[in-house]
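Let me begin by presenting the structure, written as structure tokens, before commenting on it.
The values are calculated or read from the model by the stated rules, or taken from the named source; none is laboratory data. Keep in mind it's a predicted model, so treat the numbers as computed, not measured. Surface areas here come from the heavy atoms of the whole protein model, side chains and all, with no ligands, DNA or RNA. Shrake-Rupley method; radii C 1.70, N 1.55, O 1.52, S 1.80 Å.
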Amino acid sequence: QMLEFGIKLASVERGEVQHSSAYPAKLITNIDQQAHVMSAFAGRVDSVHVLLGQQVKKGQVLATVFIPELVDQQANLSIAQEALNLAQQDYQREKQLFDQGVSARQDYQKAYNAYRQAQIQVQAARSRLSALGASTGSQGRYTLKAPLNGVVSQKDIVVGEYITSDKQLFVIDQLDQLWVEFVLPSDDSVTVQPNQEIRFKSLQTGNIFNAQVQSLTTEADAQTGRLQIRAKVLSNA
């Protein structure tokens, strides 16, 4: 009978118990590889150069904003530059007269000090523009650029609107690294640990992928203690 039914005898041994559970999950972008783009200043949107869902490269222009503050700073630079030109002419004239023994040292030193002060004023004006992220000839235009390679996943900006410095205009995601997120029920028989590998299945394609658990938090439900699990997608299984 044992041979007929294929029954075999064996000694009791320790071994791993295979147990699997399935939970609904969703794919999300890795927020550690995400960029939120905002304007450093309030102004009026002149142009928008990208579309929602568009792939962008680091440094690519996303939009151009007219900033009144930049106009003032650029005007100050022009005034400082003109003052520098005049101070340089006075200094060169006084230096020539001083070298010829015609001008007094006091007049020469005064012209030199005025020239150096004008140089400092121009450098300060250029530094302010550089800190604002604007070029000297942008005529008050401020360009928003992509801080990294990725896809424009959120876009809240239109031509002609007035934006403030606290408004989020673009979100750029890097889709080469995704997370899978799901909620683990409060069940003592289920254990999930950081760095543990899990598998998930795409309902659209039926493909199975590997992922590695990165974090376990109680954000899902603080009262019941259910855990929110986030795992990094690794590859196809």
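Suppose accessible area is computed on protein heavy atoms with a 1.4 Å probe; arrange Ser11, Ser103 from highest to lowest.
Ser11, Ser103
Kindly provide the helix-only [θ] at 222 nm of the chain, computed as the sum of -39,500 (n - 2.57) over DSSP H runs of four or more divided by all residues, to the nearest 500 deg cm²/dmol?
That comes out to -9500 deg cm²/dmol.
Could you state the angle between the C-alpha long axis of helix 68-99 and the longest principal axis of the C-alpha atoms of the chain, as a value from 0 to 90 degrees rounded to the nearest 10?
Approximately 40 degrees, to the nearest ten.
Roughly how many Å is it from the Cα centre of segment 29-59 to that of segment 87-128, as a whole number?
46
Once log10 I(q)/I(0) by the Debye sum over Cα atoms at q = 0.14 Å⁻¹ is worked out from the coordinates, which option in (i) -1.00; (ii) -0.77; (iii) -0.91 does it equal?
Derived directly from the coordinates: (i).
How about Lys145: which lysines have a C-alpha closer than 29 Å to its C-alpha, ignoring those fewer than 8 places off in the same chain?
Leaving aside lysines fewer than 8 places away in the same chain, those within reach of Lys145 are Lys57, Lys58, Lys155, Lys167, Lys232.
Using θ = phi - 60° and the Karplus relation 6.51 cos²θ - 1.76 cosθ + 1.60, list the HN-Hα couplings for segment 48-61 in order, rounded to whole Hz, with x at every Gly or Pro.
Per residue, the Karplus-derived 3J(HN,Hα) values read 10, 10, 10, 10, 4, x, 7, 7, 10, 9, 4, x, 5, 6 Hz.
Per residue, how many Å² of accessible area does segment 25-70 show with a 1.4 Å probe?
Computed with neighbouring chains in place, this is 53 Å² per residue.
Could you sort Lys145, Lys95 by their accessible area in this structure, using a 1.4 Å probe and putting the largest first?
Lys145, Lys95
Going by amide H atoms built from the backbone, whose H comes under 5 Å of the H on Lys167, apart from near neighbours?
Those lying under 5 Å, H to H, from Lys167 are Ser39.
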